[in-house]
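All of the numbers you see were taken from the coordinates with simple rules; none came from a lab. Bear in mind the structure is a predicted one, so any value in this text is a computation, not a measurement. Cβ sites come from the backbone with ideal geometry, for glycine too, and all protein chains shown count toward neighbours.
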Amino acid sequence: MATAAPKIVLDVSLTLNLRGQIVSGIPRVEENFAEALMRRTDIDAAFCRYRSRHNAFQYVPAHVVREVLQQPRVKPSPHWPPHKQTMFRRFGKAIERGWRRHLFPPSNLVDWSPKRIYISVGAWWNVTYDEPLRFMFDRSRCRKVLMCHDAIPALFPDYFEDRDAESRFSDGLKLLSTADLALCNSQMTRRDLLSALADSGTPCPPTKVVPLPPGISPESTKPAFPPGMPDGDFVLAVGSISQRKNQIMLCDVWSRFGDEPALAGVKLVMAGSWGDHSAAVRERLQRDSKLAQRVIVRNDITDGELAWLYRNCRFSVYPSFYEGWGLPISESLSFGKLCIASDTSAMPEAGQGLCVHHSPGDPESWYRTIRDLLLNPSRLEMYEKEIASRYCAASWDEIIDQILNSVR
């Protein structure tokens with residue numbers, strides 16, 4: 001008997017391209033969505049990726065996706081240029097190509113019939129297969145769902161070192177306009193998206209706001225001690241180190257703490273990769289050796305180690321200038337820890353009224369609040385009790401159900 005055609009087909013191209021690497025942000029969202037689909041026995045779901053060899057989308061077996069998600073995560077190699085093509089390496093590549101041909105035969109191409117729902121929660125505007133994706137959207141009768149995480153390329157193109165990001169996002173809006181549903185992770189993202197579409201004269205597709213669940217949580221991730229982490233109290237800042245995330249302001253705050261004996265021993269742990277326009281933070285830590293001893297940068301933290309950091313930090317800080325949501329805020333709250341976050345964009349939505357919010361351009365307020373919480377543990381305990389009693393995380397099951405209800 002023939003099996004029923006998959007109803008949901010999730011694009012996991014980003015997940016497969018980053019297999020084995022430590023991920024955060026949008027790649028983590030795609031991984032969590034895939035994991036949630038594999039847990040659902042009541043939904044006919046499948047996975048796909050774009051294959052340039054065939055200029056088409058192919059099904060990816062669920063067990064392959066599961067194996068990729070379960071692979072140990074390692075820090076990407078810093079070596080460049082790539083390794084020389086030795087005989088042994090060429091032999092290994094030949095085996096890999098054969099393995100891929102076995103897993104993704106040409107006959108396994110996706111037939112985009114009206115029964116299928118194509119879903120992409122990745123960076124659909126920033127993919128190398130934008131033309132085939134556009135062709136599929138134009139010619140296919142399947143229903144298409146795209147998630148918009150933010151409108152940063154349109155609003156703040158200077159945050160990107162890649163000067164083509166703005167134009168690619170603008171082209172991506174044309175693709176989004178033809179979707180059957182645009183998912184937005186916050187009310188703020190929805191407003192910014194509608195504004196960007198109006199400014200470009202692009203039609204607006206139906207939209208739905210689906211607040212994101214935490215990227216990791218106590219229920220989903222077993223903590224593991226990060227090797228090399230020094231003893232003592234610390235405050236945690238999670239996120240790529242970049243101009244937009246505003247870690248340079250935290251460096252200023254911790255520099256002031258160095259003059260106060262009661263606070264000089266409290267460290268700041270920055271857990272994240274080096275991102276766009278991060279030179280200011282690098283130079284600051286290189287120039288000030290005393291500050292470098294109090295600020296620990298770790299860009300090789302696994303999910304288990306990140307869970308340990310959330311469990312053991314005094315609280316977390318997130319002074320970003322702009323976020324479409326702010327996964328580290330949700331993650332901090334899910335571990336019962338207060339997050340001092342910016343009061344801009346969608347971060348108050350992610351905070352659910354349980355965070356302390358300040359303007360990212362007001363370092364004095366950040367200094368006073370962080371100092372007060374470090375010197376008055378009882379005040380911090382009050383916040384944690386409120387978080388424990390009131391925080392409510394969204395779930396991927398709810399999001400999946402909302403998608404199905406919206407595109408039937």
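With the charge dipole of the stretch 126-248 set up from +1 on Lys and Arg Cβ and -1 on Asp and Glu Cβ about the Cα centre, the Cα lying farthest toward the positive end among the listed residues SER240, SER217, MET147 is that of MET147. Potential lengthening of the chain between SER220 and CYS392 amounts to 60.4 nm, from the contour at 0.36 nm per residue minus the alpha-carbon distance. Suppose we look only past 26 Å in the calculated P(r) of the stretch 234-390. What percent of the Cα-Cα pairs does that tail hold? For the stretch 234-390, the fraction of Cα-Cα distances above 26 Å is 18 percent.
Counting only C-alpha contacts under 8 Å and six or more residues apart, can you give the relative contact order of the chain as a whole percent?
Normalised by residue count, the contact order of the chain is 14 percent.
Computed over every Cα-Cα pair of the chain and binned at 10 Å starting from 0, the pair-distance distribution P(r) comes out as 4, 21, 30, 25, 14, 5, 1, 0 percent.
As a proxy for reagent exposure, ranking TYR322, TYR129 by other Cβ atoms within 10 Å from fewest up yields TYR129, TYR322. Take ALA62, project a point 7 Å from its Cα along the Cβ direction, then tell me which residues of the stretch 126-165 have their backbone nitrogen under 12 Å from it. Once the point is set 7 Å along Cα→Cβ of ALA62, nothing inside the stretch 126-165 turns out to lie under 12 Å by backbone N. What's the center-to-center distance, using Cα atoms, between the stretch 127-178 and the stretch 362-408 in Å? Between the Cα centre of the stretch 127-178 and that of the stretch 362-408, the gap is 30 Å.
Note on SER195 and ARG311: the extension gain reaches 37.9 nm, defined as 0.36 nm multiplied by sequence separation minus the Cα-Cα distance. Beta bridges from DSSP with both residues in the chain: antiparallel share about 15 percent, rounded to the nearest 5. Measuring r between the beta carbons of ASP231 and ARG19 and using R0 = 45 Å, the FRET efficiency lands at 0.85. Entry note, the chain: the mean residue ellipticity at 222 nm calculated from DSSP H runs of n ≥ 4, each adding -39500 (n - 2.57), is -12500 deg cm²/dmol after division by the residues and rounding to the nearest 500. Going by neighbour counts of Cβ atoms within 10 Å, the residues LYS385, LYS144, LYS245 line up, fewest first, as LYS385, LYS144, LYS245. For the stretch 246-368, the residue among LEU250, ILE296, HIS358 whose Cα projects farthest onto the positive side of the dipole built from Cβ charges is ILE296. The ranking of ILE216, ILE296 by Cβ neighbour count inside 10 Å, starting from the fewest, reads ILE296, ILE216.
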